[in-house]
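The structure appears right after this line, and notes come after that.
Laboratory data are not the source of any read-out in this text; all were calculated from the coordinates shown. Just so we're clear, the structure is a prediction, and the values are computed from it rather than from any experiment. Don't worry about glycine lacking a Cβ; one is built from the backbone with ideal geometry, like all the others, and counts go over all protein chains shown.
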Amino acid sequence: MEKMEEVKDKMPTTETIYDLAELFKVFGDSTRMGILCALEVGELCVSDISNVLGISISAVSHQLRVLRNSKLVKATKSGKDVIYSLDDDHVSKIIECGLSHINE
């Protein structure tokens, strides 16, 4: 019983577990993962991402919107262009952990 209470005390709240599951759903799409992997290498504009991944600009734009809403990607204006990058180092760490796990 003591161990069960310890686990209950250390568990995240139900709301936090829900939010975590929603975050991982965003990672569950191969197009979004491709965008994240490309941006881990360096900052890119929509057309560059489109060329790297071989998908349409509209598809990239749609997925970037999802990634921005999830705070995984940020956008910076550079003249007329919008340059995308990973929002912070946590995103890179999640990608690196996932790659390490599947490459074991």
### Query
Magnitude of the Cβ-charge dipole of the chain, K/R +1 and D/E -1, about the Cα centre, nearest 20 debye?
500 debye
### Query
In degrees from 0 to 90, rounded to the nearest 10, what is the angle of the helix 89-102 Cα long axis to the longest principal axis of the chain?
80 degrees
### Query
Efficiency by 1/(1 + (r/R0)^6): what FRET value for M33 and S78, r their Cβ-Cβ distance, R0 = 30 Å, to the nearest 0.05?
0.75
### Task
With a 10 Å radius around each residue's Cβ, average the other Cβ atoms per peptide and rank 46-53, 77-84, highest first.
46-53, 77-84
### Query
Where in region 7-38 are there trypsin sites (Lys or Arg not before Pro) that are in a DSSP coil and have at most 12 other Cβ atoms within 10 angstrom of their Cβ?
none
### Task
Within 10 Å of each residue's Cβ, count the other Cβ atoms and sort C37, C45 from fewest upward.
C37, C45
